[in-house]
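Each remark here refers to the structure printed beneath this line.
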Amino acid sequence: MTTSKDKLHSVHSWQILLVMLLLCASILPFANAETVVIPSFSQGSLGKHTQYFRERDGIISLEQARLRFASDELTQGNSNSISLGINVDPVWMTFEIRNTSDLGQLYRLSAETPWLDYIDTWLIRDGEVVKYVAGGDGYAFEKRPMAYRYYAFEYVYPPGVTQVIMRVETLGPMAIPLQFSSVENAINRDINSGYQYGALYGIMIALALYNLVLYFFIRRKEYGLYGLYLLGFVTNSLSYTGQLHTIITYDFGPYFQDWLDIFLMITYSVAGLHFARALLQTKEYAPKLDKFVLRTTLYIPLGMLIGFVFSQLFFSMVLAFFLNTCFVLLFIAMGVRALYAKKPFAMTFILSSVTAAICITVSTLAVAGILVPYNDYTFKAIEVGMAVEAILLASILAGQFRKAQIDKLVAEKFARTDPLTQLNNRRGFHTQIKPVLASIEREQLDMSVVLIDIDLFKRINDQYGHHVGDKVLQAVANSIKQACRGSDVIARWGGEEFIVLLPNTSQEQAQFHAERIRVAIERTKCSELPRTHQISASLGVAGSSYHIFAGQSVSQDCVEVMINLADDALYQAKTSGKNQVQLAG
Ligand SMILES: Nc1nc2c(ncn2[C@@H]2O[C@H](COP(=O)(O)OP(=O)(O)OP(=O)(O)O)[C@@H](O)[C@H]2O)c(=O)[nH]1
């Protein structure tokens, strides 16, 4: 097993802030600590009941510590959590438990941060040590006093006074939120905590899996990176709280756990930063920032790997620490930059990263015992913040997905629509007639095609200008639409030519319809043209009779032939004096 000197702790981004805040923690004046009276004290923090001193001049024994406690050179805890800074000397703490009942009382004592390396506790009654409990993150999970996220143990406190002495040694932040609860209360807290963590991690895991599935089918990298980022964060949280190791790395020891924490921390930070790059398309409008993010996510993991190869845990941990800090700051910087570039969703992105940053700060201050009271909610603020961030980011992805779908529909519609007349173009015509033809063939109905060509259109362009020609095309398209039925498929076939497919209409009936269209065109008014100018068109009609076309049952293949025959008929109409309808054949 590694010793505390060569053992370093995985550090979450919020621990970084913690370090800074802890450095500011002040030393308080001496005072007498209040004894904890049970069973009336059913649950709470022990910070304010605790006195402590630091082991500044080398390791001391329990006896020496007891002598110090007998003196008055002690510091009185003033908040729920005793917070002293990072990489500080070990701390000795003491408090008294007075059981005023006649029965032994079963209580759980816990230090609710998972990164404290070595914690020793002595229970002393009448000057004699009656129990000694060693534990902390430096111990393999199965060797800890309770198979629990934190250092914790349970004990039946007999009637009378029990003095508790604790020694805590760690290289991580020395924040010690001591909790003391009747076992019943502790179990209830555990159950509640289980539900809360279950809900928070459940949200994140569900979102992660959903986005990974989306990535698998859509192949857009932001979904994959987002899924990876969330899974990485959850796995990292489970790992640094020691929970992961109960399942998969049961007997690998804390040294392995530390490396795993560092790997996971770097994985989710890298995935998160690449996700932000892809989502906000930072490269487009902030190439320098993008390059900086890219390099950060390349060189830091590389350095960490070198540290791994040479077994330099401290070096790699500092890099992971640094990357985590960059992660929070770069997220906000990228969001702000995206806002300046007027990127959609930039505001939501900033909101999500700032929410996470605020929640991280709340947890940090609570653990540090500064400004924010330490309790279950403030302690879990970091997970709440991350869950809120996850939901907001997921809503951005969903919004982006919707936008992409709408863009696709709009693009498809554009590709099928003639921009001048808003009728189908050739492509739109062929797309739209497919289901119509299928039902005509299935139900053995008649169908016909009418080709329409505006007469002497070139002259309109030449005399009044191209823009007037355009207005005439629009007006004629409108007239054709008015003259047709809802089931007819109309398209601009090219230039000044239009086509109408008439389902369930024989050639004879189509001739009648074509005549109606011709009259409608003749009556078309265009305000840009002089009143005296008469618009007209020639029409060619081809269709089936009694479900037979060219000697065969009507089928989808008939359309091309019908169009060619209608074109021939149209030519006949043009050469026979224009402004008339001609039938094929
Ligand atoms: N304004 C306008 N003109 C167009 C458009 N597409 C094609 N044209 C014009 O339509 C005219 C068609 O001329 P022609 O093919 O000679 O036919 P026409 O003058 O109608 O003569 P007939 O068909 O014999 O009656 C050409 O001058 C094209 O430039 C368009 O989108 N807008």
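The values are calculated or read from the model by the stated rules, or taken from the named source; none is laboratory data. Owing to the predicted nature of the structure, the values given are computational and were not obtained by experimental measurement. All Cβ positions, glycine included, derive from the backbone under ideal geometry; neighbour counts span all protein chains shown. For accessibility, only protein heavy atoms count, side chains too; no ligands or nucleic acids. Shrake-Rupley method; radii C 1.70, N 1.55, O 1.52, S 1.80 Å.
For residue 131, list the lysines whose Cα falls under 18 Å from its own Cα; do not include residues on the same chain fewer than 8 positions away.
143
What are the equivalent ellipsoid semi-axes of segment 192-412, built from the alpha-carbon gyration tensor (square roots of five times its eigenvalues), in whole angstrom, biggest first?
29, 21, 19
Treating cross-link reach as a plain straight distance, find the aspartates and glutamates whose alpha-carbon is under 12 Å from the alpha-carbon of residue 380, omitting any fewer than eight places away in the same chain.
Residue 380 reaches 112.
Can you tell me the equivalent ellipsoid semi-axes for segment 13-188? Use √(5λ) from the Cα gyration tensor, largest first, whole Å.
24, 19, 16
Give me the percent of Cα-Cα pairs in segment 494-553 that sit more than 14 Å apart, rounded to a whole number.
The answer is 64 percent, as a whole percent.
Rounding to the nearest 20 debye, state how big the charge dipole of the chain is about its Cα centre with +1 on each Lys and Arg Cβ and -1 on each Asp and Glu Cβ.
My answer is approximately 1800 debye.
Label segment 298-392 by shape, choosing from rounded, prolate and oblate, from the square roots a ≥ b ≥ c of the eigenvalues of the Cα gyration tensor; if a/c is under 1.5 it is rounded, and otherwise prolate applies when a/b is larger than b/c, oblate when it is not.
oblate
Using protein chains only and a probe of 1.4 angstrom, how many square angstrom of residue 210 are accessible, to the nearest 10?
Around 140 Å² of this residue is reachable by solvent.
Per residue, how much accessible area does segment 426-583 show when a 1.4 Å probe rolls over the protein heavy atoms, in square angstrom?
On a per-residue basis, segment 426-583 sits at 50 Å².
State which entries of 343/408; 434/471; 408/481; 288/408; 434/578; 403/471 exceed 23 angstrom in Cα-Cα distance in the structure shown.
Correct reply: 434/471; 408/481; 288/408; 434/578; 403/471.
Taking θ = phi - 60°, what integer Hz values does the Karplus form 6.51 cos²θ - 1.76 cosθ + 1.60 yield along segment 408-417, in sequence order, with x for Gly and Pro?
5, 5, 4, 4, 5, 5, 4, 5, 9, 10
Give the carbon-plus-sulfur fraction of the accessible surface of segment 426-583 in %, rounded to a whole number; probe 1.4 Å, heavy atoms of protein chains only.
About 47 percent, which is the carbon plus sulfur part of the accessible surface.
Farthest toward the dipole's positive end in the chain, which of 364, 257, 562, given Cβ charges of +1 (Lys, Arg) and -1 (Asp, Glu) about the Cα centre?
562
Tell me, what is the FRET efficiency for residue 322 and residue 414 to the nearest 0.05, using R0 = 51 angstrom and their Cβ-Cβ distance as r?
0.55
Which percent of the accessible heavy-atom area of segment 68-166 goes to carbon and sulfur, probe 1.4 angstrom?
After summing per-atom areas, the C and S share lands at 45 percent.
Of 146, 133, 113, which is farthest along the charge dipole of segment 105-182 in the positive direction, counting Lys and Arg as +1 and Asp and Glu as -1 at C-beta?
Positive-end residue among those listed: 146.
Looking at the chain, identify the longest residue range that excludes and avoids all trypsin sites (Lys or Arg not before Pro) in DSSP loops having at most 12 other Cβ atoms within 10 Å.
Longest stretch, sites excluded: 57-218.
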